[in-house]
Amino acid sequence: MSGKELYLRQMEIGPMANFVYLVGPAGSKEAVVVDPAWDVGAILNAAESDGRRIVGALVTHWHPDHTNGLDELVRRTDATVYIHRDDIPWLMEPVGNLKPVASGEELRLGDLTLTFLHTPGHTPGSQCFLARDRLLSGDTLFINACGRTDFPGGDPAQMYKSLSGTLARLDDRTVLFPGHNYADVPSTTLGDQKRDNPFLRCASLEGFLRMVGGPLGI
Ligand SMILES: [Zn+2]
């Protein structure tokens, strides 16, 4: 099944180099949007030009640069909003159609199954989405970096567990699509990151905490 094609469109939107994604099964007229923010009109136009209707919004985490389009998107499309339950209390504006999700839950879209992976650390309810061999990693895992853990609700020890426990376990051929365009390339493989990303390579919690300047930082 992993070789089966799917629809994935990556768009850089807004002043903070955010990546917004449209994802759906191949040959379908439906898509979900990951982290609708900054310019809902541009997101809806992109979906329409690809012949897709947005039926859901997937939230990697509550930070405004990933969620400031949610309310408008819901009002314009009536999409269901899938957000990890631990990030709901942090949302800065009320949003309708919220559906709290937990790790391991799945969303079926035609013949495509999206899996929710809880990866706390950047925020309490940060989550990544696995769509066949693609991983949409929000601000948990960046190319050659990871998300900051010093914002309210951040936790470097949880980030270490999310990276070394949850994400490092995924297949090397998984293609990583991060939440910001912070690197020289817009995507890469998890195998490359297991080799090159110092935060993913880190072999101990103590070493990781030193790297991110946590409680054991130097
Ligand atoms: Zn963030």
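Things to note:
- Residue-wise HN-Hα couplings along the stretch 137-146, as the Karplus relation 6.51 cos²θ - 1.76 cosθ + 1.60 with θ = phi - 60° gives them from phi, are 9, x, 9, 7, 10, 9, 5, 6, 7, 9 Hz; Gly and Pro carry x.
- Sequence-ordered 3J(HN,Hα) estimates for the stretch 102-118 from the Karplus curve with 6.51, -1.76 and 1.60 and θ = phi - 60° stand at 10, 4, x, 5, 10, 10, 9, 10, x, 8, 9, 10, 9, 10, 8, 10, 6 Hz, glycine and proline given as x.
- Cα centroid of the stretch 1-44 to Cα centroid of the stretch 94-113, whole Å: 15
- Sites matching GluC sites (Glu not before Pro) across the stretch 1-67 that sit in DSSP coil, with at most 11 neighbouring C-beta atoms within 10 Å: E5
- Taking amide H positions as modeled 1.01 Å from N, with prolines and chain starts lacking one, the residues under 5 Å from T174 and 5 or more places away or on another chain are L190, G191.
- Shown for the stretch 68-169: the carbon plus sulfur share of the solvent-accessible area, taken with all protein chains present and a 1.4 angstrom probe, equals 48%.
- Taking amide H positions as modeled 1.01 Å from N, with prolines and chain starts lacking one, the residues under 5 Å from W38 and 5 or more places away or on another chain are N68, G69.
- Net charge dipole size for the chain [Lys, Arg +1 and Asp, Glu -1 on Cβ; Debye, nearest 20]: 460
- Computed across the chain, the Kirkwood radius stands at 17.3 Å (inverse of mean 1/r, all Cα pairs).
- The chain: antiparallel DSSP beta bridges as a percent of all, rounded to 5: 65
- For F142, distant residues with modelled amide H under 5 Å away: G147
- Among C128, C202, C146: highest mean-square fluctuation, GNM of the chain, C-alpha pairs under 10 Å: C202
- Backbone HN-Hα couplings from phi across the stretch 4-14 [Karplus 6.51/-1.76/1.60, Hz, Gly and Pro as x]: 5, 6, 9, 8, 9, 10, 9, 10, 8, 9, x
- Here the Gaussian network model covers the chain, with springs between Cα atoms less than 10 Å apart; of Y160, Y21, Y182, Y182 fluctuates the most.
- Gain on full stretching of the segment that runs from E93 to R53 - 0.36 nm per residue minus C-alpha separation: 11.9 nm
- Residue with peak Gaussian network fluctuation, the chain [Cα springs, cutoff 10 Å], from P178, P15, P100: P15
- Listed by chain and number, the lysines whose alpha-carbon sits under 30 Å from that of K161, ignoring those within fewer than 8 places in the same chain, are K99, K194.
- Over the chain: helical MRE at 222 nm, DSSP H runs n ≥ 4 each giving -39500 (n - 2.57), nearest 500: -5500 deg cm²/dmol
- Antiparallel %, DSSP beta bridges [both residues in the stretch 113-199], to 5: 75
- Rolling a 1.4 Å probe over the heavy atoms of the protein chains gives the chain an accessible area of 44 Å² per residue.
The values are calculated or read from the model by the stated rules, or taken from the named source; none is laboratory data. No experiment lies behind these values; they were computed from the predicted model shown. FYI the Cβ positions are ideal-geometry reconstructions off the backbone, even for glycines, and counts take in every protein chain you see. To get the accessible areas, we keep the full protein, side chains included, count just its heavy atoms, and leave off ligands, DNA and RNA. Shrake-Rupley method; radii C 1.70, N 1.55, O 1.52, S 1.80 Å.
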